[in-house]
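Student: So that we are looking at the same thing, I have put the structure below in structure tokens.
Only the coordinates and a few stated rules stand behind these numbers; no lab work does. What you see is a predicted model; the values in this text were computed from it and never measured. So basically every Cβ, Gly included, is an ideal-geometry build from the backbone, and we count neighbours across all protein chains shown.
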Amino acid sequence: MSYDLGLAYTTSSVPSTAEELKYAADFASKTRGDGLALPSTTWHGFFSWACHNHAVAMSEDGFNVLTSNGTTMNDALVQVLGFKGDTQAQPMSQTSGEPLAWVDDCAGWECGAGCRD
């Protein structure tokens, strides 16, 4: 998300004008809405944090420290795959019927509580 947003700003990768902040808020809302509208079935889910960063999944902080609604990317993947500790179980969506989604629900710029370590 931050890469796309950076292309939309005129002065830097951080929105500063009212127009840029509105664009970022609209982009976040659309991302959240479209992601949650995806069908949630076994073996996939939707993970979206309200943070200003890009391509951090390959870093220790991005995968094991930063969170979306209190869940790290690693924890979400474990749930999607259906692992519990050292044993494999059924994927969460298969056992609970609940959608697999980890989404920050906040309004504002970089408002996710798990954006900072």
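Student: Order these peptides, 62-70, 106-114, by their mean beta-carbon neighbour count within 10 angstrom, highest first. Intermediate values should be presented prior to the final figure.
Tutor: Details: 62-70: 17.4, 106-114: 14.9.
By packing density, highest mean first, the sequence is 62-70, 106-114.
Student: By count of other Cβ within 10 Å, fewest leading, how are Glu20, Glu60 ordered?
Tutor: Values: Glu20 18, Glu60 11.
Least crowded to most crowded, the residues run Glu60, Glu20.
Student: Pop a pseudo-label 7 angstrom from the Cα along the beta-carbon direction at both Ser13 and Ala37 and give the gap in nm to one decimal.
Tutor: 2.9
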